[in-house]
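The values are calculated or read from the model by the stated rules, or taken from the named source; none is laboratory data. Please read all numbers here as calculations on a predicted model, not as lab measurements. Don't worry about glycine lacking a Cβ; one is built from the backbone with ideal geometry, like all the others, and counts go over all protein chains shown.
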Amino acid sequence: MEPDQIASARLAEVGRVWTSDLSVSEFALLDAAEFEPLEFVMGSSVFHIGWQQQNLRQSTELQVLSQAMYTARSNAMQRMLSEAAQVQADGVVGVRLSFRQHGLSPEHIEFIAVGTSIRHKTQPGSFRQPNGSPFTSHLNVQDFYTLLSTGHAPTCFVMGVCVYHVAAQGFMQSLKQMGQNVEMPQWTQGYYDARELALSRMQAEAERAQATGVTGVEWSAQEWMWGAHTLEFFTSGTAVRKLGDRSPITPSMVLPLR
C-alpha cells in the first residue's frame, strides 16, 4: 500500500479519537474560538536536488535549483493540505515546514509539513480559502485567536525561494582588501537581490490567494551542498484576509489560579 493510501485509510475511519500537536492551553483557546481539532496532518516529499552550471565570476539566480527547492516544499504542503481536505477541515494551524538530509547523499533532502487540522463548530466551511481549499497557517493557536479578534482570518501559508550564486572576487581584489575594513559590494548586492526575489515571490503567492497581507514573515539562508558562494534564500509567512462584515471574536481575559 502506498503512503498516501495508508494515510487515506486512517483518515477515513469513522469514530476514532482526534489527534493534534496542540498544548492543553491551545486546545482550550481553540474551543473558546468555537473551533474543534480534527486530525494531526502531514505531508512529505523526498527530493533529489540537481545541479546547474554556474559562472564563478557572475552573480545570478540559479533558476533550475530555485524551482527544485520550491517544488519539494510545495509537494509536502499540498499532501498535508490533501489530508486536511479529506477530513473536511476548515484549515490547518501551527504549520511547520522542516527538512532533513535523507540517507548519506547531501543531494537527497526530505521536506516535511505538519500541523493540526481544525473545523468551525457552528459554521463549518466558512473559514476556507476563497477557492474552497482549507486554509493553512504557521500561526500558533494564540496568534490565530488574536488574528480572529481583529476581524481577519488566515488564507494560506505562503513562501518564496531563490537559489543564488554570488560571484567570487578576483585575486587582486582580495589582495587589496587584506587587512582593510571595506565593504564587499558583490556580496552585499548579491544577498540583497536574492532576498528581494524570494520576498517578491512570497508576496505574489499571497496576491494570487486574494490575501490583503502577510503576517509572521520569516527568512533563512542555507548553503546546502552548493558551497559558500551559492545559497538558498527562503522566506515564508501566513497570508491573511479581512473577514468582511463578519463580527470579530472578542477575547476574554483568563487568569490562571495558582
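Overview of results
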quantity: Residue in the range 190-203 that is assigned to a loop (DSSP other than H, G, I, E, B) and either closer than 30 Å to Leu243 by Cβ or modelled with pLDDT under 95 (or both) present; calculated: no
quantity: Restricting the range 132-168 to residues that are in a loop (DSSP other than H, G, I, E, B), in contact (Cβ under 8 Å) with a residue 12 or more places away in the chain and out of contact with any helix residue (DSSP H, G or I) (no Cβ under 6 Å at 6 or more places or on another chain), the residue that is surrounded by the most Cβ atoms within 10 Å (Cβ to Cβ); calculated: Ser137
quantity: Subset tally (residues that are among the acidic types (Asp, Glu), within 25 Å of Met77 (Cβ to Cβ) and at pLDDT 65 or above) for the range 5-59; calculated: 4
quantity: Criterion violated by Gln222 - all others in (1) farther than 19 Å from Met80 by Cβ; (2) in contact (Cβ under 8 Å) with a residue 24 or more places away in the chain satisfied; calculated: (2)
quantity: Qualifying residue in the range 109-124 (condition: at pLDDT below 90, surrounded by 14 or more Cβ atoms within 10 Å (Cβ to Cβ), under 18 Å from the mean Cα position of the chain (by Cα) and of a type outside the set (D, E, K, R)); calculated: yes
quantity: Pairs with Cβ under 6 Å, 6+ apart, first in the range 206-217 and crowded, with 21+ Cβ neighbours inside 10 Å, second charged (D, E, K, R) and not in a loop (DSSP other than H, G, I, E, B); calculated: Ala211/Arg241
quantity: Answer from Ala113, Ala76 - the residue that is of a type in the set (Gly, Ala, Ser) and out of contact with any helix residue (DSSP H, G or I) (no Cβ under 9 Å at 6 or more places or on another chain); calculated: Ala76
quantity: Only one of Thr238, Thr250 that is at pLDDT 95 or above and over 19 Å from Ser66 (Cβ atoms); calculated: Thr238
quantity: Val163 vs. criteria modelled with pLDDT under 95 and within 20 Å of Asn75 (Cα to Cα); calculated: yes
quantity: Selection count where residues are farther than 20 Å from Glu205 by Cα and surrounded by 16 or more Cβ atoms within 10 Å (Cβ to Cβ), scope the range 91-108; calculated: 1
quantity: Qualifying position, being in contact with an Asp or Glu (Cβ under 6 Å, 6 or more places away or on another chain), at pLDDT 90 or above and under 24 Å from Ser20 (Cβ atoms), among Val87, Val95; calculated: Val87
